[in-house]
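Everything below concerns the one structure shown next.
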Amino acid sequence: MAELDLMEKIVSLCKRRGFVYQGSEIYGGLAGTWDYGPLGVALKNNIKNIWWNMFVDGRDDMYGIDAAIIMNPKAWEASGHVAGFADPMADGAMFNTMFETSVGAGEEATVAYLRPETAGGIFVNFKNIVDSFHPKLPFGIGQIGKAFRNEIAPREFIFRVRELEQMEIEYFIRPEEWEEAFEQWRGAVHAFNKAIGIPEKRVHELEVPDGERAHYSKRTIDFEFDFPFGRRELYGLAYRTDFDLSAHEKASTVELKYQDPETNEKLTPHVIEPSFGVDRTFLAVLASAYAEDEQNGEKRVYLKLKPSIAPIKAAVFPLLKNKPELVERAREIYTDLKKDIPQIMWDDNGNVGKRYRRQDEIGTPYCVTIDFDTLGETPEMLDTVTVRDRDSGEQERVAVAELSAYLQNRIRV
Ligand code: ATP
């Protein structure tokens with residue numbers, strides 16, 4: 001499959017099947033904006049939930065926050081973004097890519113910015129978390145949220161957008177611990193990729209050399225992914241020293257230090273920052289999962305998504321749409337199952353083969369068919385259903401009483 005061709009296929013599948021639409025499409029769109037449809041939002045939520053469970057809820061040393069998108073502009077002056085968050089334009093002039101807005105009315109109105117990264121909201125809450133929770137070093141603060149960048153040339157579908165979503169962590173450490181913490185987070189980035197089905201062999205670490213790193217960073221690794229249009233940055237991992245806390249302390253005149261509860265020693269923690277883009281992760285997941293093969297002599301497109309990340313975990317069908325007794329039993333099974341597994345879908349359109357193709361294309365790992373044997377046509381098969389596996393196409397007969405547990409065991413991975 002030619003790689004560019006693959007990108008076209010992914011974009012068209014996303015639109016056709018309700019993953020991602022062009023933003024404001026009926027008005028001709030707005031460059032760099034995309035709208036996530038029902039399946040897209042489900043997949044995106046699964047990505048974010050896996051991240052949050054792994055890095056916030058699943059750990060004792062992490063605190064989650066959800067800070068405001070519009071912050072006091074002084075915070076962006078202190079962090080260096082007002083002066084330096086700029087990209088070169090074609091004629092060589094620098095262009096600040098922060099979106100400006102104004103807060104308040106009339107003469108009271110002041111300039112403010114839509115945050116260009118979620119990290120800023122974390123640093124300004126450092127003192128709040130320390131005062132409320134008294135964490136011991138090392139500890140981290142994580143946040144998932146929207147960020148905005150007026151990119152000069154948004155392109156490559158959801159790879160470079162103007163309204164994006166980030167999952168970021170600031171992990172506060174003692175300065176002498178930075179190398180160890182950096183290695184731990186480096187491993188954690190790979191563990192996350194594994195959990196969401198991004199294969200190791202498509203991810204490459206790029207050690208960002210001296211002179212190309214942000215001024216505050218002593219070490220940065222870009223995790224690059226082989227996208228269909230080339231090898232590009234997927235995530236970043238940076239050692240930001242005490243640059244941010246020191247800068248905010250100076251500008252706000254509020255002390256942003258950590259006091260050791262045992263020795264009373266005061267220090268400005270240093271920080272390791274793993275930064276993940278949700279939209280790029282979404283695209284990497286789709287590019288990794290997209291597959292074509294032949295099943296029963298028929299060509300098919302399927303998304304080989306890990307069940308834990310698939311937007312729909314199972315689809316439930318009555319074998320035939322025009323047999324009320326089948327439809328009624330299938331409805332019962334569907335309704336019961338939906339209580340345990342909300343991400344399931346009902347489908348009674350077309351024949352079973354067509355339904356399989358449709359579910360394959362959106363990555364549904366299991367299809368459940370209710371047929372005449374379920375109703376007892378073959379007595380020993382009473383109250384059993386067919387469960388078909390997306391990847392192998394193989395079918396298994398499962399008792400209705402065990403169906404929920406059967407699926408729940410399999411969709412966790
Ligand atoms: P690039 O060099 O590609 O512009 P960056 O180095 O500016 O990216 P960071 O500032 O490190 O990116 O942002 C952290 C993460 O946020 C990136 O690794 C990426 O996943 C995501 N990200 C940044 N800019 C965009 C964008 N315009 N569209 C989508 N995701 C983005």
Identify, by number, the condition in (1) touching a strand residue (DSSP E or B) at 6+ places or on another chain (Cβ under 6 Å); (2) exposed (fewer than 14 other Cβ atoms within 10 Å of the Cβ) that Glu108 doesn't meet.
(1)
Just to check your reading of the model, which residue among Phe123, Phe139 is buried (at least 16 other Cβ atoms within 10 Å of the Cβ), farther than 16 Å from Met167 by Cα and assigned by TED's automatic domain parsing to the domain that holds Leu267?
Phe139
Taking the residues in region 285-307 that are outside any strand (DSSP E or B) and open to solvent by 10 Å² or more (accessible area, probe 1.4 Å) as candidates, determine which candidate is nearest to Pro365 (Cα to Cα).
Pro307
Please enumerate the residues belonging to region 370-396 that are surrounded by 12 or more Cβ atoms within 10 Å (Cβ to Cβ), charged (D, E, K, R) and outside any loop (DSSP other than H, G, I, E, B).
Arg388, Asp389, Glu396
Could you grab me the full set of residues in region 24-69 that are in contact (Cβ under 8 Å) with a residue 24 or more places away in the chain and among the small types (Gly, Ala, Ser)?
Ala31, Gly32, Gly40, Ala42, Gly64, Ala67, Ala68
Which of the residues spanning region 308-356 are part of a loop (DSSP other than H, G, I, E, B), out of contact with any Asp or Glu (no Cβ under 6 Å at 6 or more places or on another chain) and open to solvent by 30 Å² or more (accessible area, probe 1.4 Å)?
Leu320, Asn322, Lys323, Pro342, Gln343, Asp348, Asn349, Gly350, Asn351
Of the conditions (1) farther than 30 Å from Trp51 by Cα; (2) surrounded by 15 or more Cβ atoms within 10 Å (Cβ to Cβ); (3) in contact (Cβ under 8 Å) with a residue 40 or more places away in the chain, Gln359 fails just one. Which one is it?
(1)
Mind telling me which of the residues Arg149, Arg219, Arg231 ends up being open to solvent by 20 Å² or more (accessible area, probe 1.4 Å), in contact (Cβ under 8 Å) with a residue 12 or more places away in the chain and away from the ligand (no atom under 13 Å from the Cβ)?
Arg219
Reported set for region 234-249 where residues are among the aliphatic types (A, V, I, L, M) and either surrounded by 19 or more Cβ atoms within 10 Å (Cβ to Cβ) or within 14 Å of the ligand (Cβ to nearest atom) (or both) is Leu234, Leu237, Ala238, Leu245
Residue ranges of strands (runs of 3 or more DSSP E) in region 1-75 with at least 2 members within 15 Å of the chain's Cα centre (by Cα):
34-36
Does region 250-271 contain any residue that is assigned by TED's automatic domain parsing to the domain that holds Phe172, within 16 Å of the ligand (Cβ to nearest atom), open to solvent by less than 70 Å² (accessible area, probe 1.4 Å) and modelled with pLDDT of 95 or more?
yes
Looking at region 191-213 only, could you name the residues that are open to solvent by less than 40 Å² (accessible area, probe 1.4 Å) and touching a strand residue (DSSP E or B) at 6+ places or on another chain (Cβ under 9 Å)?
Phe192, Asn193, Ile198, Val203, Val208
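The values are calculated or read from the model by the stated rules, or taken from the named source; none is laboratory data. All values reported here derive from a predicted model rather than from experimental measurement. Every residue, glycine as well, gets a Cβ built from its backbone with ideal geometry; the counts of neighbours run over all protein chains shown. With ligands, DNA and RNA removed, areas are computed over all heavy atoms of the protein, side chains included. Shrake-Rupley method; radii C 1.70, N 1.55, O 1.52, S 1.80 Å.
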